[in-house]
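The values are calculated or read from the model by the stated rules, or taken from the named source; none is laboratory data. Small disclaimer: the values here were computed from a predicted structure and weren't measured. So basically every Cβ, Gly included, is an ideal-geometry build from the backbone, and we count neighbours across all protein chains shown.
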């Protein structure tokens, strides 16, 4: 129990690091979640923008990388999951075709992929803006299978899922001689 409590406090503390508020603004569930989303968005979007368009089809091949997503597929996957999870929080159908893990086939150019990703974060901010102390742990339909989830639980997906793929994107950038913007 002590381990679980410590882990929860550590996660919430880390989430709070992404929260930029003035001293006059009260800290709320909504503001902490929105600050966390702003943190991943501020690192991920510039990283995707940093890759030249001719490298969007890049996927590592040396080592244990057989069958991994291309750089473009990584970015589209993040955006698609953002839309799916945000829609679940809002109790809506995603406003765009998510096309499974890679996003719609029409999203091919770098500009379209960056727009798809940025638009997904606009929708994510809308969704986390509805999560509050009263509804955070109320059951909602789990978008990834049977059963239920909570808005708070789903809102944590934006951080852990985004940073999981951000780490992969960093490898792709560095493999192509590009220092990620957040590391410059």
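Every test in (1) touching a helix residue (DSSP H, G or I) at 6+ places or on another chain (Cβ under 8 Å); (2) within 26 Å of residue 96 (Cα to Cα); (3) at pLDDT below 95 is passed by residue 73 save one, and that test is (1).
Of all residues in segment 155-171, those satisfying the criterion of being farther than 24 Å from residue 133 by Cα and either free of Cβ contacts under 8 Å to residues at least 12 places away in the same chain or in contact with a strand residue (DSSP E or B) (Cβ under 8 Å, 6 or more places away or on another chain) (or both) are 164, 167.
Going residue by residue through segment 129-140, is there one that turns out to be modelled with pLDDT of 95 or more, assigned to a helix (DSSP H, G or I) and in contact with a helix residue (DSSP H, G or I) (Cβ under 8 Å, 6 or more places away or on another chain)? Step through it out loud before you land on a result.
Initial filter on segment 129-140 (modelled with pLDDT of 95 or more): 129-140.
Next cut, assigned to a helix (DSSP H, G or I) only: none.
No, segment 129-140 has no match at all.
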